[in-house]
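For reference, the structure is listed below as structure tokens.
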Amino acid sequence: MPWIVRMLLLLGASLLILYGYVIWRLAWALAQRTGRSAQHWRKRLWPIAALLTLYPAVAIGGYLLDAPFWRTALRNGHPLVDALLTYPFWIGLLVALQLFVIFLLLDGGRALARLWTKSADRGIARAMLGLTLIVLVYTPIRAYRDTRQIRLREQVITSEKLPADIEELRVVHISDLQLDARTEAALVQRFIERVNALRPDLVFFTGDLVTSGTEYIEPAAAGLGAVRARHGVYACLGDHDYWADPRRVPESLRRHGIVLLDDASRSISVGNASLHLTGVTNIYRRRPSPETLARLAEEKPAGRFSILMAHQPSPSLVQWAKAQDYDLFLAGHTHGGQIVLPFFGLRLALARLETPYVSGAYDVGSLWVNVTNGLGLTFAPLRFHAPAEIVLLRLMPLKAGSLR
């Protein structure tokens with residue numbers, strides 16, 4: 001059985017458990033408040049769940065029947081298919097995931113409350129229905145906003161390796177453009193314009209120019225080539241670049257003026273500051289070998305502010321960079337989780353199964369790790385609590401008596 005069919009079947013089983021629990025508890029809550037039986041409500045809720053989960057069923061059917069229209073429409077987008085299948089599935093999944101956690105917590109509270117009183121059920125039912133209404137309204141609005149928003153995140157980084165006579169170096173970090181049929185040209189243009197408006201000294205792009213195929217390689221490289229930085233735009237390769245075409249992506253980047261560092265280093269002068277830049281290709285299909293890392297370590301001069309960029313923020317590579325006295329590690333890949341469920345200060349995202357460095361700036365002793373949410377999308381056609389972003393890193397000299 002092909003792996004994609006196995007994955008979709010596993011998804012189907014997971015959806016059955018997820019929706020089964022949510023419908024069971026929601027039907028109970030409705031029965032408590034309306035006087036109609038829980039069975040009455042389950043008969044009405046299950047058809048809604050079936051409609052919301054048609055997407056994986058159609059995907060499995062399209063793959064097994066080798067139907068070109070469905071395979072293309074589900075992967076690359078089609079207005080009618082998106083409206084009837086794709087977006088209802090993802091919004092429904094987000095609603096169900098949130099209600100699953102909320103209902104579990106309320107059921108736990110109900111169990112505790114019944115130790116003291118027998119009248120807790122109606123209050124719990126009221127809470128379940130009220131929170132369901134809030135989630136139903138909040139989720140599509142938040143997903144729409146986060147999918148179309150581009151936020152700017154700033155971080156000040158100080159270092160004694162930067163000369164005292166410079167005011168600051170403006171470094172912009174972007175990633176995961178992932179141009180495809182779902183990525184609006186207007187959104188990409190707005191992204192590029194906002195980068196240029198920051199008047200960066202340097203720009204680093206940490207991989208994934210396109211999502212798949214070769215159709216969008218040249219337009220994406222041309223868009224990235226419109227980025228302006230006083231001392232250059234530097235890039236490394238991402239997973240999707242390799243899956244698309246590991247030869248054409250580098251060629252297009254270089255043709256549009258982007259400096260590609262593919263397991264390579266270079267030292268540059270930015271005003272009075274001397275910087276050492278390293279790009280490591282760290283993706284699923286190509287990890288840096290011990291020999292490559294040893295060579296890059298030998299090429300690194302002592303005493304210079306050093307920046308390492310890689311697509312994936314693998315913990316082992318972060319520790320290597322720290323051991324080699326790099327000052328700044330730049331990565332993308334995670335999309336900030338892309339779909340994040342915040343609960344009581346926790347940010348639940350599948351990306352955390354792969355790396356602890358999911359989104360934001362991390363102070364790892366002598367090393368700063370910055371992971372950006374990027375711009376594009378992968379797998380799901382929307383974002384939730386993880387909007388696209390541009391990161392401005394303001395590098396400043398460490399003044400006497402100040403803290404890092």
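The values are calculated or read from the model by the stated rules, or taken from the named source; none is laboratory data. Computed from a predicted structure; not experimentally measured. Because the Cβ atoms are built from the backbone with ideal geometry, glycine has one as well, and the counts that use them run over all protein chains shown.
Among I307, I268, which is β-branched (V, I, T) and buried (at least 17 other Cβ atoms within 10 Å of the Cβ)?
Testing whether each residue is β-branched (V, I, T) and buried (at least 17 other Cβ atoms within 10 Å of the Cβ) leaves just I307.
Name every residue in segment 37-52 that is farther than 14 Å from P88 by Cα and part of a helix (DSSP H, G or I), in order of residue number.
The answer is A38, Q39, H40, W41, R42, K43, R44, L45, W46.
Hey, can you tell me all the residues within segment 53-70 that are within 24 Å of the chain's Cα centre (by Cα) and part of a helix (DSSP H, G or I)?
Y55, P56, A59
Would segment 393-403 turn up any residue that is among the basic types (K, R) and over 30 Å from E193 (Cα atoms)?
Within segment 393-403 (the criterion being among the basic types (K, R) and over 30 Å from E193 (Cα atoms)), the answer is yes, since at least one residue qualifies.
Identify the residue in segment 111-160 that is among the charged types (D, E, K, R) and modelled with pLDDT of 95 or more and, among all such residues, is nearest to L93 (Cα to Cα). I'd like the intermediate steps shown before the answer.
To start, the set of residues in segment 111-160 that are among the charged types (D, E, K, R) comprises 114, 118, 121-122, 126, 142, 145-146, 148, 151, 153-154, 160.
Remaining after also requiring modelled with pLDDT of 95 or more: 142, 145-146, 151, 153-154.
Details: R142: 14, R145: 17, D146: 16, R151: 25, R153: 29, E154: 32 Å.
Once the filter is applied, the top-ranked residue is R142.
Sort out which residues of segment 297-353 are within 19 Å of R142 (Cβ to Cβ) and of a type in the set (A, V, I, L, M, F, W, C), and write them in order of number.
Passing the criteria: I339, V340, L341, F343, F344, L346, L348, A349, L350, A351.
Yes/no matrix, rows are residues, columns are (1) touching a strand residue (DSSP E or B) at 6+ places or on another chain (Cβ under 8 Å); (2) surrounded by 13 or more Cβ atoms within 10 Å (Cβ to Cβ):
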position	(1), (2)
R148	no, yes
I157	yes, yes
K161	yes, yes
L169	yes, yes
Q189	no, no
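Mind counting the residues in segment 343-361 that are out of contact with any helix residue (DSSP H, G or I) (no Cβ under 8 Å at 6 or more places or on another chain) and either outside the structural domain of D241 (by TED's automatic domain parsing) or in a loop (DSSP other than H, G, I, E, B) (or both)?
The qualifying residues number 3.
How many residues are within 22 Å of L136 (Cβ to Cβ) and touching a residue at least 40 places away in the same chain (Cβ under 8 Å) if we restrict to segment 64-103?
Total satisfying the criteria: 16.
Quick one: which of D241, D201, D180 is buried (at least 24 other Cβ atoms within 10 Å of the Cβ), in contact with a strand residue (DSSP E or B) (Cβ under 9 Å, 6 or more places away or on another chain) and of a type in the set (D, E)?
D241
Determine the pairs where a residue that is in the same structural domain as Q98 (by TED's automatic domain parsing), located within segment 14-25, has a partner that is of a type outside the set (A, V, I, L, M, F, W, C) and at pLDDT 95 or above with Cβ atoms under 7 Å apart, the partner being 6 or more residues away or on another chain.
I23/R42
What's the number of the only condition in (1) touching a His at 6+ places or on another chain (Cβ under 7 Å); (2) in a strand (DSSP E or B) that P313 fails to meet?
(2)
Collect the residues in segment 244-263 that are among the aliphatic types (A, V, I, L, M) and in contact with a strand residue (DSSP E or B) (Cβ under 6 Å, 6 or more places away or on another chain), keeping them in residue-number order.
A244, L253, I258, V259, L260, L261
Considering only segment 210-310, give the strands (runs of 3 or more DSSP E) lying wholly within it that have at least 2 residues that are at pLDDT 95 or above and more than 29 Å from M396 (Cβ to Cβ). Quick ask: steps written out before the conclusion?
Values: elements: 233-235, 264-270, 273-280, 305-310.
Strands (runs of 3 or more DSSP E) meeting the threshold: none at all.
So, in segment 316-342, of the ones that are under 13 Å from the mean Cα position of the chain (by Cα) and assigned to a loop (DSSP other than H, G, I, E, B), which residue ends up surrounded by the fewest Cβ atoms within 10 Å (Cβ to Cβ)?
V340
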